[in-house]
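Participant: One structure is given below, represented as structure tokens, and several questions about it will come after.
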Amino acid sequence: MQPSAPPFDERLTAPRSWWLIAFLIGIACALMLLPLGTVPLLAGLVGGTALSTIAVSSYGSARIRVVSGALVAGDARIPVSALGEAEVLDGEEARAWRTYKADARAFMLLRSYIPTAVRVEVTDPQDPTPYVYLSTREPRALVAALGSARS
């Protein structure tokens, strides 16, 4: 018997343009070392590109999952029983909750390159976190997965 697939699993990957920028950083590192010779130039190209792609990859490795009755967002694991209503946020509303409507106590897994988000109330009285803000490319699917995990 195979385990069932999680109802929601999304990786918040970085946009393609960031990968191009990472390569351009490698070229810039190579050009800085050009006066020192060919070997330092190649080392700068390889090293600069490697370090910048590692940075882009790690920033884009955040995942949001609904699995085993819990919402897993980045390093946080929150039982669905401790969550209240989930609200789909379009681009304008998501920007508002990221800026002037934001609460400093909220848990936010946000990526500025993803325009839509989901805001989920935290109903656990022991937890001071008022809500969870999650950037997601599929907000309706996340809300549906939370609803099905709750029932």
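The values are calculated or read from the model by the stated rules, or taken from the named source; none is laboratory data. Everything quoted here is computed from the prediction, not taken from an experiment. We place every Cβ from the backbone using ideal geometry, glycine too, and count neighbours over all the protein chains shown. Only protein heavy atoms, including side chains, enter the accessible area calculation; ligands, DNA and RNA are left aside. Shrake-Rupley method; radii C 1.70, N 1.55, O 1.52, S 1.80 Å.
Participant: In the stretch 62-86, what count of residues is obtained for those that are closer than 15 Å to Leu110 by Cβ and not basic (Lys, Arg)?
Facilitator: Selection size over the stretch 62-86: 6.
Participant: Residue under question is Arg119, and the condition is that it be closer than 21 Å to Arg11 by Cα, within 16 Å of the chain's Cα centre (by Cα) and surrounded by fewer than 18 Cβ atoms within 10 Å (Cβ to Cβ); does it hold?
Facilitator: no
Participant: Can you tell me which of (1) open to solvent by less than 60 Å² (accessible area, probe 1.4 Å); (2) under 21 Å from Pro15 (Cβ atoms) is the one Ser112 doesn't meet?
Facilitator: (1)
Participant: Let me ask another. Go through (1) over 19 Å from Thr13 (Cα atoms); (2) touching a helix residue (DSSP H, G or I) at 6+ places or on another chain (Cβ under 9 Å); (3) in a strand (DSSP E or B); (4) open to solvent by 20 Å² or more (accessible area, probe 1.4 Å) one by one and return the number of the condition Asp127 breaks.
Facilitator: Going through (1) over 19 Å from Thr13 (Cα atoms); (2) touching a helix residue (DSSP H, G or I) at 6+ places or on another chain (Cβ under 9 Å); (3) in a strand (DSSP E or B); (4) open to solvent by 20 Å² or more (accessible area, probe 1.4 Å) one by one, Asp127 breaks only (3).
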